[in-house]
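The values are calculated or read from the model by the stated rules, or taken from the named source; none is laboratory data. Since the structure is predicted, the reported quantities are computational estimates derived from the model, not experimental observations. Virtual Cβ from ideal backbone geometry, glycine too; neighbours counted across all protein chains shown. Protein only, heavy atoms only, side chains kept; ligands, DNA and RNA dropped before computing areas. Shrake-Rupley method; radii C 1.70, N 1.55, O 1.52, S 1.80 Å.
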Amino acid sequence: MQSEPFLIHEAGSTSRELAELWAQENQLRWQVRMELGAIETIKEATKHNMGVSVLPYRSVVRESETGELLVRELPGYVNRRHICLVYRQDDIMPYPVQSFIRFLQHQRPHAKSPSPL
């Protein structure tokens, strides 16, 4: 793997930071062929045999299903990417938004909420 040319995200991207952390934890160094700013560009370059890459799984589902790209899990990878609901704190929140937040709180009763509804 270390001798393969790698196509990586541009510096500062979350995907690159997570990939570099995984490589560091597994004592790997890659031979960087190109730094690219867009996942679609990385996928196209990979399809044209310009190198290999570490990408978010959700970005390659279709290509994996069609056989355009082979996808393998990273050994020992622990998913560290977390997402959260973000919304503006208004005095009057629309009913559908209130309902959605209540739904989420019911699904995850111990999740932190910045303000009770």
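Annotations for the structure displayed:
- Residue count for segment 1-24 under the criterion of being among the hydroxyl-bearing types (S, T, Y), over 18 Å from V71 (Cβ atoms) and open to solvent by less than 70 Å² (accessible area, probe 1.4 Å): the result is 2.
- For segment 25-48, the set of residues classified as modelled with pLDDT of 90 or more and open to solvent by 80 Å² or more (accessible area, probe 1.4 Å) consists of R33, E35, E40, H48, listed by residue number.
- Subset of segment 49-71 that is of a type outside the set (V, I, T) and in contact with a strand residue (DSSP E or B) (Cβ under 9 Å, 6 or more places away or on another chain) - its residue that is surrounded by the most Cβ atoms within 10 Å (Cβ to Cβ): S53
- Set Q107, Q98: member being modelled with pLDDT of 70 or more, over 17 Å from P56 (Cβ atoms), under 24 Å from the mean Cα position of the chain (by Cα) and of a type outside the set (A, V, I, L, M, F, W, C): Q107
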